[in-house]
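*Asks:* Sharing a structure with you now.
Values quoted throughout were computed directly from the atomic coordinates according to the rules given, and no laboratory measurement underlies them. Bear in mind that the values here come from a model prediction, so they are computed numbers and not experimental data. Heads up, the Cβs are rebuilt from the backbone with ideal geometry, glycines too, and the neighbour counts pull from every protein chain shown.
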Amino acid sequence: MHNRTLAADYLTRATHRLAALDVLFDRESWADVVRESQEVVELALKALLRFSSIEVPRIHDVGQILLSESQRFPEIVRKHVDDLVTTSRSLRRDRELAFYGSEDLTPSDFYQKQDAELARAGARRVVEVVTAAVLGSGL
């Protein structure tokens, strides 16, 4: 039962952060939308792992675990597992860059509206699929 409680908490927190993405997007803070989208995806996917009684690792991209444990997920997740993995992997690559930048890259100059749109759409889709699995709703 504890895994289900933690899964629900993770999913609730992911949903709250998803709403915050709209504020960042409206303020045209593209790099922050990308960074926060990664955190939304990470929390949602870790909710799925908890819900499925799978050990949650202390890593940011759980895509490989989704692939190796896909048979343990509800059908709704198995149908979308490749998209979930792709979204997680893609956003993981941008996690630090979107937040810190680098010697030759300033995040606010580098990330554009299209990057933010893709990141936010991916985060929304991950939350939608995980919510359907964990709460048994929709899709």
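*Asks:* For each of GLU39, GLU96, count neighbouring Cβ atoms within 10 Å of the residue's Cβ, then give the residues from fewest to most.
*Replies:* Values: GLU39 20, GLU96 14.
By the 10 Å Cβ count, ascending: GLU96, GLU39.
*Asks:* What's the exposure ranking of SER53, SER37, SER88, going from fewest to most Cβ atoms within 10 Å? Before the final figure, lay out each step's value.
*Replies:* Values: SER53 11, SER37 31, SER88 24.
In increasing order of surrounding Cβ atoms, one gets SER53, SER88, SER37.
*Asks:* Regarding the chain, what is the average projected area of its C-alpha convex hull, in nm²? Walk me through the intermediate numbers first.
*Replies:* On the way: hull surface 32.5 nm².
Quarter of the Cα hull surface area: 8.1 nm².
*Asks:* Given the -39500 (n - 2.57) contribution per DSSP H run of 4+ residues, what per-residue ellipticity at 222 nm results for the chain, rounded to the nearest 500 deg cm²/dmol? Could you put the intermediate results ahead of the total?
*Replies:* Working: 6 runs with 106 residues, N = 139.
Calculated mean residue ellipticity at 222 nm is -25500 deg cm²/dmol.
*Asks:* In addition: Take the chain, connect every pair of alpha-carbon atoms lying under 10 Å apart with a spring to form a Gaussian network, then pick out the residue of ARG35, ARG58, ARG72 with the largest mean-square fluctuation.
*Replies:* ARG58
*Asks:* Right, another one. Helix 113-135 against the longest principal axis of the chain: what's the angle in degrees, Cα atoms only, rounded to the nearest 10?
*Replies:* Here the helix axis deviates by roughly 10 degrees.
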